[in-house]
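The values are calculated or read from the model by the stated rules, or taken from the named source; none is laboratory data. Because the structure is a prediction, the values reported are computed rather than measured. Please note: Cβ atoms are built from the backbone with ideal geometry, for glycine as well, and neighbour counts cover all protein chains shown. For the accessible areas, the whole protein counts, side chains as well, though only heavy atoms, and no ligand, DNA or RNA atoms are used. Shrake-Rupley method; radii C 1.70, N 1.55, O 1.52, S 1.80 Å.
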Amino acid sequence: MALPKLNKPLFEITIPSTGKTAMYTPFTVKEEKILLIAQESQESDQMILAIKQILTNCMVDVNIDNLAIFDLEYLLINLRSQSVNNMLNFKIKDPDTEEEIELEININEIEVKFNAEHKDKIKIDDDNYLNMRYPSTKQLKQIIELSQEKSTEKMFDMMTSCFDVLISGEEVHKFEDYTKKEVSDFVETMSSKTIQEVKKFFETMPSMYYEKEYKNSNGDMKTFVVKGTETFFI
C-alpha cells in the first residue's frame, strides 16, 4: 500500500517588477536540502542552481528565466518565510572588535527598495536612446562573480548583456540581433557621461534591502546591512 501524497497549500504573491499576481507553494524538505547543500558549498554555480530549482519547484506557471533579479530575491525571501518561519538567527563578525555578534531579524521586514532616481531609458544624444532591461537569472552568475571579484571586463559584459534596444530616430535596434563584438564596438563610441548613466541604472536598480542596528563590546552602535541575494543566503 503506497504512502499518501501530502497536499501543499497555495499562496498568492505580487511580482514586484510587473505588479502581477502569482501563486506558489511553500518549499518542502526536498527544497530545504537543495538550499542547505548550496549554502555549504559557497559556490556561485551551486547557489544559482539552487535558486532556479527551488523557484521552479514552488512557483506556479511562472517562467523563472524571465524574472528580474530583485523579483527572484523577493520570491525567495517570501518562500523562506512561509516555508520555515519569519525569524532568522545568524552570527556576524564585527569589523572593529572581530567579535561574533548574534543577530535576529524578521525577514518579513526585508522589502524591495525602490529608488526615485532610477530610470531604464538613457539618452545618448538627441537622436538615440538606450533602453535597459533588468538582469535576470541568466545574469545571476555574473552578478555573484562581480560581488566576489571586481573586474572591469566582467563589469562591461554585465552591462552590455542588459542592453535591450537602441531607439535611433524611427529605427529600433535589438541588441540580441548583434554579435558581442558589434555591441562592444558600439559601446566604445559612447561618451563617459552615457556610461555613467548606465552604471547608475544598476546602482539604483530595485533590490531587497534591510538594516539591523547592534552594539559591539566597545559600546559602539553599528549597522549591519544585507541586500540583494544575500538576504536569502545569510
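Note on the chain: helix-only mean residue ellipticity at 222 nm, from DSSP H runs of 4+ residues weighted -39500 (n - 2.57) and normalised by residue number, equals -11000 deg cm²/dmol. Ranking Met221, Met59 by solvent-accessible area of protein heavy atoms (1.4 Å probe, all protein chains present), from largest to smallest, gives Met221, Met59. Considering only Tyr129, Tyr24, Tyr209, the mean-square fluctuation computed in a Gaussian network model of the chain, springs between alpha carbons under 10 angstrom, is largest for Tyr129.
For the chain, a Gaussian network of Cα nodes joined below 10 Å ranks Met47, Met205, Met155 by mean-square fluctuation, and the top entry is Met155. Across the chain, the mean sequence separation of Cα contacts (distance under 8 Å, 6 or more residues apart), normalised by length, yields a relative contact order of 19 percent. Rg and Dmax, both from the Cα atoms of the range 56-156 and both in Å, are 18.3, 56. Of the whole protein surface, Lys180 contributes about 150 Å² of accessible area at a 1.4 Å probe radius.
Straight Cα distances below 12 angstrom link Lys193 to the aspartates and glutamates Asp125, with same-chain residues fewer than 8 positions distant left out. For the chain, the convex hull drawn through the C-alpha positions has a volume of 179 cubic angstrom per residue. Please give the residues of the range 190-208, grouped as numeric ranges, whose backbone N is less than 19 Å from a label point set 7 Å along the Cα-to-Cβ vector of His173. Answer for the range 190-208: 190-199. With the simple model of a label 7 Å out from the Cα in the direction of the Cβ, Phe224 to Glu117 spans 2.9 nm.
Taking a ≥ b ≥ c as the square roots of the eigenvalues of the Cα gyration tensor, the range 121-212 is classed as prolate, since a/c reaches at least 1.5 and a/b is larger than b/c. Among Asn86, Asn115, Asn216, the largest mean-square fluctuation in a Gaussian network model of the chain (Cα springs under 10 Å) belongs to Asn216.
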